[in-house]
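Worksheet for the structure shown next.
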Amino acid sequence: MIKKERVTNVLSMLKEKFKEPKIALEYNNEYQLMVAVILSAQCTDVRVNIVTKEFFKVIEKPSDMRKLTLKEIEQYVKSTGFYKNKAKNLQLNAQQLLERHNDIVPQTMEELHELAGVGRKTANVILGDVWGISVGIVVDTHVRRLSNLIGLVDSDNPEIIEKQLMKIVPKKNWYEYSHFLILHGRDKCIARRPKCDECEINKYCKYYEKMLKIKIKKEEKNKIEK
């Protein structure tokens, strides 16, 4: 099975399973989403939502961030990990939005990518979730892991993975592809305890094919030994 056929089947099965995917991060506007995604680096969405529930009571727009001291920002985001670096990025990001964009979150990959704390992943999330703009594919830990296991890519580098996926995933599915794999990674393809036998897409997964062959060989070996 070629990769394009594999990805078509995977998308079809996961769309049937998850219907219309929705980002797990909670926010009220594009600026809050950017803040939430910056905080989500090396942190779970659940934890980020707990933090932003209080943080967003005082942070609605960039000017609100600029009113806080660095120490105050650090206190709000401390439990998300790497909080000192995240706080510095949030403070600088808010200043850059004022100086470069009149406090309006830009709608291009290039402009977003120039902001402190905003990499391709963050920019892709904002563009896709807020404006439905697809210029790339979000590659987080779930997307990286599952894309490799399924057999769609062969790399641990997020940028290389994104380029490889963009060649085989139809552009109309770029946004939902990431959401589907994130949801499936949490439901069935769990890193330390994957539920391969229960997995809806196992017949399209190279990892499952490999494990199945190993299982069959073991069973055959046991029969011979008996």
Exercise. Among the listed residues 224, 182, 216, which satisfies the condition of being among the β-branched types (Val, Ile, Thr), under 23 Å from residue 154 (Cα atoms) and either part of a helix (DSSP H, G or I) or touching a Phe, Trp or Tyr at 6+ places or on another chain (Cβ under 8 Å) (or both)?
Worked result: 182
For this session: State whether one or more residues within the range 90-110 are touching a Ser or Thr at 6+ places or on another chain (Cβ under 7 Å) and under 25 Å from residue 162 (Cβ atoms).
Result: no
Exercise. For residue 81, all conditions in the list (1) small (Gly, Ala, Ser); (2) out of contact with any helix residue (DSSP H, G or I) (no Cβ under 6 Å at 6 or more places or on another chain); (3) crowded, with 17+ Cβ neighbours inside 10 Å hold save one; what is the number of the exception?
Worked result: (3)
For this session: Could you grab the pairs with beta carbons closer than 6 Å, sequence gap of 6+ or different chains, first residue in the range 96-110 and within 14 Å of residue 65 (Cβ to Cβ), second one surrounded by fewer than 16 Cβ atoms within 10 Å (Cβ to Cβ)?
Result: 97/103
Exercise. Restricting the range 21-48 to residues that are surrounded by fewer than 17 Cβ atoms within 10 Å (Cβ to Cβ) and in contact with an Asp or Glu (Cβ under 8 Å, 6 or more places away or on another chain), which is modelled with the lowest pLDDT?
Worked result: 24
Problem set entry | Hits in the range 72-83 (condition: without any contact (Cβ under 8 Å) to a residue 12 or more places away in the chain and closer than 25 Å to residue 104 by Cα) | 72, 83
For this session: Could you grab the pairs with beta carbons closer than 7 Å, sequence gap of 6+ or different chains, first residue in the range 149-175 and closer than 21 Å to residue 132 by Cα and outside any loop (DSSP other than H, G, I, E, B), second one at pLDDT 95 or above and polar (S, T, N, Q)?
Result: 165/147
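The values are calculated or read from the model by the stated rules, or taken from the named source; none is laboratory data. On a predicted model such as this, the values are computed, not experimentally measured, just so you know. We place every Cβ from the backbone using ideal geometry, glycine too, and count neighbours over all the protein chains shown.
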